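What follows is a short report on a single structure.
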Amino acid sequence: MTGSDVDAIDDQVGASLSGHAGLGGAIENAAFVLALRGRGTRDTAVLRAMEQVPRAAFAPAAYRHLARRDLSLPLPCGAAMTAPSTVATMLTLLKVEPGMRILEIGTGSGYVTALLLQLGAGAVTSLERYATLAGQASANLAGRARVLQGDGLADTAGGGYDRILVHGAVAEQPASWAAALKPGGRLVAGSEGGLMAATHGGQGLVVEPGPRLRLAPLVPGRAAAL
(Lines give C-alpha, C1' and ligand atoms only; values in the text may rest on other atoms or scores of the structure.)
Protein backbone atom coordinates (compact mmCIF):
# COMPACT_ATOMS: atom_id res chain seq x y z
CA MET A 1 0.00 0.00 0.00
CA THR A 2 1.34 3.45 -0.91
CA GLY A 3 1.69 6.48 1.31
CA SER A 4 -1.28 8.06 -0.46
CA ASP A 5 -3.41 5.04 0.43
CA VAL A 6 -2.46 5.41 4.09
CA ASP A 7 -3.27 9.14 3.93
CA ALA A 8 -6.64 8.29 2.38
CA ILE A 9 -7.47 6.02 5.32
CA ASP A 10 -6.41 8.74 7.76
CA ASP A 11 -8.58 11.29 5.92
CA GLN A 12 -11.53 8.90 5.86
CA VAL A 13 -11.25 8.16 9.57
CA GLY A 14 -10.80 11.85 10.36
CA ALA A 15 -13.93 12.71 8.39
CA SER A 16 -15.83 10.03 10.26
CA LEU A 17 -14.72 11.49 13.58
CA SER A 18 -15.46 15.11 12.68
CA GLY A 19 -18.67 14.44 10.81
CA HIS A 20 -20.17 12.20 13.46
CA ALA A 21 -18.77 13.68 16.64
CA GLY A 22 -22.13 13.27 18.34
CA LEU A 23 -22.39 9.61 17.49
CA GLY A 24 -20.50 7.44 19.95
CA GLY A 25 -20.73 4.42 17.67
CA ALA A 26 -19.11 6.24 14.74
CA ILE A 27 -16.29 7.48 16.93
CA GLU A 28 -15.69 4.00 18.33
CA ASN A 29 -15.73 2.55 14.83
CA ALA A 30 -13.14 5.06 13.62
CA ALA A 31 -11.01 4.31 16.68
CA PHE A 32 -11.35 0.59 15.89
CA VAL A 33 -9.88 1.13 12.41
CA LEU A 34 -7.09 3.32 13.75
CA ALA A 35 -6.25 0.62 16.31
CA LEU A 36 -5.96 -1.94 13.51
CA ARG A 37 -3.61 0.45 11.71
CA GLY A 38 -1.61 0.76 14.89
CA ARG A 39 -1.24 -3.01 15.06
CA GLY A 40 0.22 -3.17 11.58
CA THR A 41 -2.68 -3.47 9.12
CA ARG A 42 -1.95 -1.31 6.07
CA ASP A 43 -4.19 -2.88 3.42
CA THR A 44 -6.73 -0.20 2.47
CA ALA A 45 -9.39 -2.65 1.27
CA VAL A 46 -9.16 -4.74 4.45
CA LEU A 47 -9.39 -1.66 6.68
CA ARG A 48 -12.42 -0.35 4.80
CA ALA A 49 -14.17 -3.73 4.91
CA MET A 50 -13.62 -3.97 8.65
CA GLU A 51 -14.96 -0.45 9.08
CA GLN A 52 -18.05 -1.23 7.01
CA VAL A 53 -18.99 -4.66 8.41
CA PRO A 54 -20.11 -4.32 12.05
CA ARG A 55 -18.50 -7.06 14.15
CA ALA A 56 -21.13 -6.49 16.83
CA ALA A 57 -23.85 -7.75 14.47
CA PHE A 58 -22.18 -11.19 14.51
CA ALA A 59 -21.17 -11.34 18.18
CA PRO A 60 -23.32 -12.98 20.88
CA ALA A 61 -25.47 -10.40 22.66
CA ALA A 62 -23.52 -10.73 25.92
CA TYR A 63 -20.29 -9.67 24.19
CA ARG A 64 -21.42 -7.03 21.70
CA HIS A 65 -20.07 -4.23 23.86
CA LEU A 66 -16.60 -5.72 23.32
CA ALA A 67 -16.91 -6.14 19.55
CA ARG A 68 -14.73 -3.14 18.65
CA ARG A 69 -11.91 -4.24 20.92
CA ASP A 70 -9.03 -6.39 19.73
CA LEU A 71 -10.22 -9.45 21.61
CA SER A 72 -11.37 -12.93 20.71
CA LEU A 73 -15.00 -13.38 21.78
CA PRO A 74 -16.67 -16.62 22.95
CA LEU A 75 -19.17 -18.35 20.67
CA PRO A 76 -21.44 -21.32 21.36
CA CYS A 77 -19.98 -24.85 21.10
CA GLY A 78 -16.70 -23.75 22.65
CA ALA A 79 -15.73 -21.77 19.54
CA ALA A 80 -14.55 -18.16 19.40
CA MET A 81 -14.45 -15.13 17.15
CA THR A 82 -10.80 -14.47 16.28
CA ALA A 83 -9.31 -11.16 17.43
CA PRO A 84 -9.76 -8.46 14.74
CA SER A 85 -6.04 -7.79 14.28
CA THR A 86 -5.45 -11.46 13.49
CA VAL A 87 -8.39 -11.47 11.08
CA ALA A 88 -6.96 -8.39 9.36
CA THR A 89 -3.57 -10.07 8.98
CA MET A 90 -5.13 -13.21 7.52
CA LEU A 91 -7.21 -11.23 5.02
CA THR A 92 -4.16 -9.21 4.00
CA LEU A 93 -2.24 -12.43 3.34
CA LEU A 94 -5.20 -13.89 1.42
CA LYS A 95 -5.20 -11.09 -1.20
CA VAL A 96 -8.87 -11.26 -2.20
CA GLU A 97 -9.74 -9.86 -5.61
CA PRO A 98 -13.24 -9.06 -6.98
CA GLY A 99 -15.23 -12.00 -8.29
CA MET A 100 -13.14 -14.73 -6.68
CA ARG A 101 -14.56 -18.07 -5.53
CA ILE A 102 -13.50 -18.62 -1.94
CA LEU A 103 -13.65 -21.59 0.43
CA GLU A 104 -13.68 -20.73 4.12
CA ILE A 105 -13.04 -23.45 6.69
CA GLY A 106 -14.43 -22.59 10.11
CA THR A 107 -17.42 -20.29 9.67
CA GLY A 108 -17.91 -19.40 13.32
CA SER A 109 -20.30 -16.46 13.54
CA GLY A 110 -20.07 -15.61 9.83
CA TYR A 111 -18.23 -12.33 10.50
CA VAL A 112 -15.18 -13.13 8.38
CA THR A 113 -17.47 -14.58 5.71
CA ALA A 114 -19.15 -11.18 5.54
CA LEU A 115 -15.75 -9.49 5.28
CA LEU A 116 -14.82 -11.75 2.34
CA LEU A 117 -18.02 -10.69 0.58
CA GLN A 118 -17.35 -7.03 1.39
CA LEU A 119 -13.89 -7.42 -0.16
CA GLY A 120 -15.58 -8.41 -3.41
CA ALA A 121 -15.68 -12.21 -3.38
CA GLY A 122 -18.02 -13.46 -6.07
CA ALA A 123 -19.03 -16.57 -4.13
CA VAL A 124 -18.11 -17.89 -0.69
CA THR A 125 -18.61 -21.47 0.47
CA SER A 126 -18.05 -21.79 4.22
CA LEU A 127 -17.68 -25.06 6.15
CA GLU A 128 -18.42 -25.31 9.88
CA ARG A 129 -18.15 -28.50 11.95
CA TYR A 130 -20.93 -27.43 14.35
CA ALA A 131 -24.47 -27.44 12.96
CA THR A 132 -25.53 -24.87 15.58
CA LEU A 133 -22.92 -22.37 14.42
CA ALA A 134 -23.57 -23.10 10.75
CA GLY A 135 -27.26 -22.33 11.22
CA GLN A 136 -26.62 -19.13 13.15
CA ALA A 137 -24.02 -17.92 10.67
CA SER A 138 -26.31 -18.62 7.72
CA ALA A 139 -28.99 -16.51 9.40
CA ASN A 140 -26.49 -13.73 10.17
CA LEU A 141 -25.44 -13.69 6.52
CA ALA A 142 -29.03 -13.70 5.22
CA GLY A 143 -28.24 -16.25 2.53
CA ARG A 144 -25.39 -14.28 0.95
CA ALA A 145 -22.97 -17.20 1.33
CA ARG A 146 -23.24 -20.98 1.09
CA VAL A 147 -22.77 -22.24 4.67
CA LEU A 148 -22.52 -25.99 5.21
CA GLN A 149 -21.79 -28.29 8.11
CA GLY A 150 -18.66 -30.21 7.18
CA ASP A 151 -15.23 -31.49 8.14
CA GLY A 152 -12.76 -28.90 6.94
CA LEU A 153 -9.91 -31.38 6.98
CA ALA A 154 -11.68 -33.72 4.57
CA ASP A 155 -14.48 -31.81 2.82
CA THR A 156 -14.06 -29.00 0.30
CA ALA A 157 -17.62 -28.82 -1.10
CA GLY A 158 -16.31 -28.87 -4.64
CA GLY A 159 -13.21 -27.29 -6.11
CA GLY A 160 -11.92 -24.66 -8.46
CA TYR A 161 -11.44 -22.11 -5.68
CA ASP A 162 -9.31 -19.01 -6.10
CA ARG A 163 -8.71 -18.72 -2.37
CA ILE A 164 -9.02 -20.91 0.74
CA LEU A 165 -9.08 -19.36 4.22
CA VAL A 166 -8.67 -21.71 7.18
CA HIS A 167 -9.53 -20.57 10.72
CA GLY A 168 -7.33 -23.10 12.46
CA ALA A 169 -3.85 -24.55 12.64
CA VAL A 170 -2.67 -27.82 11.13
CA ALA A 171 0.65 -29.68 11.27
CA GLU A 172 0.49 -30.21 7.51
CA GLN A 173 -2.00 -29.25 4.83
CA PRO A 174 -4.40 -31.98 3.67
CA ALA A 175 -4.04 -32.95 0.02
CA SER A 176 -7.72 -32.06 -0.45
CA TRP A 177 -6.92 -28.36 0.00
CA ALA A 178 -4.39 -28.27 -2.81
CA ALA A 179 -6.75 -30.27 -5.01
CA ALA A 180 -9.53 -27.74 -4.39
CA LEU A 181 -7.40 -24.73 -5.41
CA LYS A 182 -7.01 -23.47 -8.94
CA PRO A 183 -3.43 -23.21 -10.24
CA GLY A 184 -2.21 -19.87 -8.95
CA GLY A 185 -4.76 -19.99 -6.15
CA ARG A 186 -3.83 -19.00 -2.63
CA LEU A 187 -4.42 -20.52 0.81
CA VAL A 188 -4.01 -18.98 4.27
CA ALA A 189 -4.08 -21.11 7.42
CA GLY A 190 -2.47 -21.58 10.79
CA SER A 191 0.54 -23.83 11.23
CA GLU A 192 2.70 -24.98 14.13
CA GLY A 193 4.94 -21.94 13.61
CA GLY A 194 2.20 -19.33 13.14
CA LEU A 195 0.26 -18.15 10.12
CA MET A 196 1.28 -19.35 6.68
CA ALA A 197 0.28 -18.55 3.13
CA ALA A 198 0.64 -20.96 0.23
CA THR A 199 0.24 -20.59 -3.52
CA HIS A 200 -0.71 -23.42 -5.85
CA GLY A 201 2.26 -23.65 -8.18
CA GLY A 202 0.74 -26.26 -10.49
CA GLN A 203 2.54 -29.20 -8.86
CA GLY A 204 1.38 -28.49 -5.31
CA LEU A 205 1.50 -25.79 -2.67
CA VAL A 206 4.45 -23.44 -2.33
CA VAL A 207 4.44 -22.34 1.31
CA GLU A 208 5.43 -18.89 2.57
CA PRO A 209 5.92 -18.51 6.34
CA GLY A 210 3.81 -15.74 7.81
CA PRO A 211 3.59 -13.82 11.09
CA ARG A 212 3.94 -15.79 14.30
CA LEU A 213 0.27 -15.47 15.22
CA ARG A 214 -1.27 -18.54 16.78
CA LEU A 215 -4.59 -20.11 15.82
CA ALA A 216 -6.29 -22.93 17.70
CA PRO A 217 -5.77 -26.39 16.16
CA LEU A 218 -8.33 -27.28 13.51
CA VAL A 219 -10.53 -30.05 14.92
CA PRO A 220 -11.31 -32.93 12.55
CA GLY A 221 -14.76 -34.35 11.89
CA ARG A 222 -18.31 -33.04 12.00
CA ALA A 223 -19.82 -32.54 15.43
CA ALA A 224 -22.70 -34.95 15.91
CA ALA A 225 -24.37 -33.38 18.94
CA LEU A 226 -24.01 -29.61 18.53
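The values are calculated or read from the model by the stated rules, or taken from the named source; none is laboratory data. Since this is a predicted model, take the numbers as computed values, not measurements. Counting neighbours? That spans all protein chains shown, and the Cβs are built from the backbone with ideal geometry, glycine included.
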Name the single residue, out of those in the range 179-220 being farther than 19 Å from G158 by Cβ and more than 21 Å from the chain's Cα centre (by Cα), that is modelled with the lowest pLDDT. G202
Answer from A216, A157, A197 - the residue that is closer than 16 Å to S126 by Cβ, surrounded by 12 or more Cβ atoms within 10 Å (Cβ to Cβ) and touching a residue at least 24 places away in the same chain (Cβ under 8 Å): A157
Single match in R55, R69 (criterion: charged (D, E, K, R), more than 16 Å from R186 (Cα to Cα) and free of Cβ contacts under 8 Å to residues at least 40 places away in the same chain): R69
With the checklist (1) surrounded by 17 or more Cβ atoms within 10 Å (Cβ to Cβ); (2) modelled with pLDDT under 95; (3) not aliphatic (A, V, I, L, M) in hand, flag the one item T89 doesn't pass. (2)
